[in-house]
């Protein structure tokens, strides 16, 4: 990680983007639950299905970031996006689940990366990943399935090699998650809503 995060006041349900075990290599995206629950109960935000998830950025506190997170290899570790639920025993529970993540290049050169381009940053050539399957789609997006036991998408970095020049890419690293929320306050019924968050990330081939 090139930039340090500023520790936010983050409790309840939140996402952590990390490139190592140190807190200096972690960035938190805090979900404003009260704001989200009121919006879900009273506003038409979209279908909220797995096919058409609701954009989540309006309900995320990112004031802990002083710039676009800049991440790269860290002692042979992995780039991970993990969903945490510290709400405890609440009735009804939120049943927070992370389903998958995907990266898409936002570089202005207009060229979509292929599998060889992604392999300059991540080590997934053998398709045997830490937390789930990794796929590069036709449009050049990198898809990582979440490990349901860890609630995490994780993909290992290539080993740090100082000999070649460092390469960089600006990407949108999206995460799709679901929460069980009360649909209407009058009925008190609960349904599963799917959301997508699209944080911007700068990745580096060497630290």
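The values are calculated or read from the model by the stated rules, or taken from the named source; none is laboratory data. None of these values were measured; they are calculated from a predicted model. Using ideal geometry, Cβ is built from the backbone for each residue, glycine included, and neighbour counts are taken over all protein chains shown.
What number of residues in segment 45-70 are surrounded by 15 or more Cβ atoms within 10 Å (Cβ to Cβ), at negative phi and modelled with pLDDT of 85 or more?
Residues meeting the conditions: 6.
Being in contact (Cβ under 8 Å) with a residue 24 or more places away in the chain and over 22 Å from the mean Cα position of the chain (by Cα) is the requirement here; does residue 184 meet it?
yes
Between 24, 111, 75, which is farther than 20 Å from residue 197 by Cα, over 17 Å from the mean Cα position of the chain (by Cα), modelled with pLDDT under 75 and not in a loop (DSSP other than H, G, I, E, B)?
24
I need a count of the residues in segment 124-150 that are surrounded by 16 or more Cβ atoms within 10 Å (Cβ to Cβ), modelled with pLDDT of 85 or more and either at positive phi or in a loop (DSSP other than H, G, I, E, B) (or both).
Within segment 124-150, residues that are surrounded by 16 or more Cβ atoms within 10 Å (Cβ to Cβ), modelled with pLDDT of 85 or more and either at positive phi or in a loop (DSSP other than H, G, I, E, B) (or both) number 3.
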